[in-house]
Amino acid sequence: MKSIKIIKLKNKVAHQFNSIFEPNKLELGGGANNIRFGWHNLDMVNKPLEFKFTKNCVFPVKNNSINIIYSSHTFEHLDHKTIIRVLSECKRILFESGKVIISIPDFDLINIKYKNKDLDFFKDNYYSTEALALLKKDNKILDLDGYYYALHHYQHLSYWTNKQFIKLFENNKFKLVCNDEDKIIKRYKAITPNIEVKKAGSSYFEFVKIKEGI
């Protein structure tokens, strides 16, 4: 009970601070009641400031006002048209050379582990119950499409190999800076304390907004 009161007080103070000093960082899908100093947080469960990601959404953020956009395990819950819109909005609000730091499930690794029927891998991550059920039944669906179709109740609407995900951003005017999880975590841990919470089984990316005219 005491911890809940502390969180509510922290959120209240952070909200007041952010209303005076415009945040220059944005988290996409930061979760409920996640208000941090200097950060916007857009999430459909972030009451009372719910935000719904759609193919026509507009971020309630000024043009060219954000240095860093951070997102952890959110993009895979969006459909393709919504992702294209989100990337467009990211470009709009980022300063020139602004960064996007993002983590998604490591679908390459998951596919390999699934094909190899690696039970130990799935015991230690949040895919475990359904993945183990499929493996124990000796399910014949052994490719990435079949695996995620079978697990559609995770509400994952999209998935990519690492190369496909990088290409998605490149096609939308972003350039890959780094794909090394340890380097990215070390570089941004001070300002995104939860960046390594889902390190196991995740792929990390650092992108930079390409300057106009390039």
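Once the Cβ-Cβ distance of Gln164 and Glu22 is raised to the sixth power relative to R0 = 30 Å, the FRET efficiency obtained is 0.30. Pairs with C-alpha atoms separated by more than 22 Å, drawn from the list Lys115/Lys175; Lys99/Lys198; Lys25/Lys52; Lys52/Lys81, are Lys115/Lys175.
For the stretch 49-64, the residues whose backbone nitrogen is under 19 Å from a point 7 Å from the Cα of His80, taken along Cα to Cβ, are 54-57.
Summing charges over all other residues whose Cβ lies under 11 Å from the Cβ of Glu212, with Lys and Arg as +1 and Asp and Glu as -1, gives +3. Treating r as the C-beta distance of Lys62 and Val177 and R0 as 35 Å, the FRET efficiency rounds to 0.90.
Each reported figure results from applying straightforward, stated rules to the coordinates on display, with no laboratory input. Not measured: the values here are computed from a predicted model. Note: ideal-geometry Cβ built from the backbone for every residue, glycine included; neighbour counts use all protein chains shown.
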